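A short reminder: the numbers here are calculations on the coordinates, not readings from a lab. Bear in mind that the values here come from a model prediction, so they are computed numbers and not experimental data. A quick note on method: Cβ atoms are made from the backbone with ideal geometry, for glycine too, and the neighbour counts reach across all protein chains shown.
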Amino acid sequence: MLAIRLQRQGKTHYATYRVIVQDVLRHPSSGKVVAYVGSYNPHTKQVQLDKEAIENYLSHGAQPTDRVVRILTGEGMTMPKWVKTVRGKQRNIRNPEKLRRNQPKEEPVEAQAEGTTASDSSAAEPSEPAETAEQDQPAE
């Protein structure tokens, strides 16, 4: 079985990659390569591909790696339905309320409509029940 994968090239700390077709059981750096079908420079995001050759190998069953699938779809190539595609990582957040500790406190909608701040409305709330209690008592 063949694989379309990246082979590292370039200097230390400045990697460039060749897009190669190779047997799955061989190592990308030391194994025999069936064909060189393109190159990719991650620093400049420059991609050069032989799209006809890649489509030919895909039609014969070559399985591209996840990174190669991203590169090929970024260049506008459509993958066959049998190609395994991986979505980006999505993590479940355990406690979303603790995600940001210094979030501003939400003001009540009524307080925003009146133009008062949350501190003014909280100070006014305790005094209102006292006034209603006085009104409920009969005057003597």
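Using a cut-off of 15 Å between beta-carbons, work out the net charge of the residues near residue 36 (Lys and Arg +1, Asp and Glu -1, residue 36 not included). Taking every other residue near residue 36 into account, the sum is +3. Coordinate range of the alpha-carbon atoms in the range 2-74 per principal axis, descending: 35, 27, 18 Å.
Dipole orientation for the range 2-74: of the candidates 29, 69, 53, 29 has the Cα lying most toward the positive pole (charges on Cβ; Lys, Arg +1; Asp, Glu -1). In the range 33-91, inverting the average of 1/r over every pair of distinct C-alpha atoms gives 12.5 Å as the Kirkwood radius.
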